[in-house]
1. Fully extended, how many nm does the chain gain between Ala128 and Gln156 (0.36 nm per residue separation, minus their Cα-Cα distance)?
2. Of the listed pairs Lys22/Lys137; Lys88/Lys137; Lys69/Lys90; Lys22/Lys90, which have alpha-carbon separations greater than 25 Å here?
3. Output ³J(HN,Hα) for the range 139-152: one whole-Hz value per residue in order, computed from phi by the Karplus curve 6.51 cos²θ - 1.76 cosθ + 1.60 with θ = phi - 60°, and x for Gly and Pro.
4. Taking the Cα-to-Cβ direction at Tyr29 and at Tyr140 and moving 7 Å from each Cα, how far apart do the two end points lie in nm?
5. Taking the Cα centre of the range 1-43 as origin, work out the dipole magnitude from +1 charges on Lys and Arg Cβ and -1 charges on Asp and Glu Cβ, in debye rounded to 20.
6. Rank the residues Lys123, Lys90 as a footprinting-exposure proxy: fewest other Cβ atoms within 10 Å of their Cβ go first.
7. Given labels modelled 7 Å from the Cα in the Cβ direction, how far is it in nm from Glu119 to Lys69?
Amino acid sequence: MSANLYLLFTTDVNQLSHETQKQIYDEFYRLVYRMVFFILRDHAACEDVIQDAFIRVMEKSPKTLDETKVAAWIRTVTRNATYNYLRKNKKMRDELAAGRVSDYETAAGCDTNPPVDAEVEWKLMEQALLRYIDELKPIYRHVIYMRSLENLGYNQMASCGRLKGRCGN
């Protein structure tokens, strides 16, 4: 957990220098971007949701939160902001079904150089997998995100209540 992010909970961000504020936002952005993009599949919408979530975190941050739980709380607030955005923009759900492999690769940061035949096979398998994932509702895509990208175990996902949306902001 970064000391800069912990400043959101211990100080008045408006009193900090512009450079420190920028560092805090940049760390916040890096912490949540992949999760939001995985759900929305739209960079511009991600930007909007992340800004909204950042404001919520600044306004509603509990002053007694344990430093080890700050990142999880921030992710929860951001995830809830993402779902609120989807509820408000129901027509976007249809657009999510299209999906774009190149955007996913950008978010995932694929930069390895496997042999060409293995790369082609991987791309075909990835395209098929993404087509099936894109057909899922956003909440189910988030379950896949928690398991594959956050490496959470099933007990961790269930105990948090994330599957039923109980971790609130």
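Every number in this text was worked out from the coordinates using simple rules, so none of it is lab data. Quantities reported herein were computed from a predicted structural model and do not represent experimental measurements. Positions of Cβ are backbone-derived with ideal geometry, glycine not excepted, and every protein chain shown enters the neighbour counts.
1. 7.2 nm
2. Lys22/Lys137; Lys69/Lys90; Lys22/Lys90
3. With coefficients 6.51, -1.76 and 1.60, one gets 5, 6, 4, 5, 4, 5, 4, 4, 6, 8, 9, 8, 6, 7 Hz.
4. With each label placed 7 Å out from Cα toward Cβ, I get 3.4 nm.
5. Value, rounded to 20: 200 debye.
6. Details: Lys123 13, Lys90 8.
With the sparsest Cβ surroundings first, the list reads Lys90, Lys123.
7. 4.6
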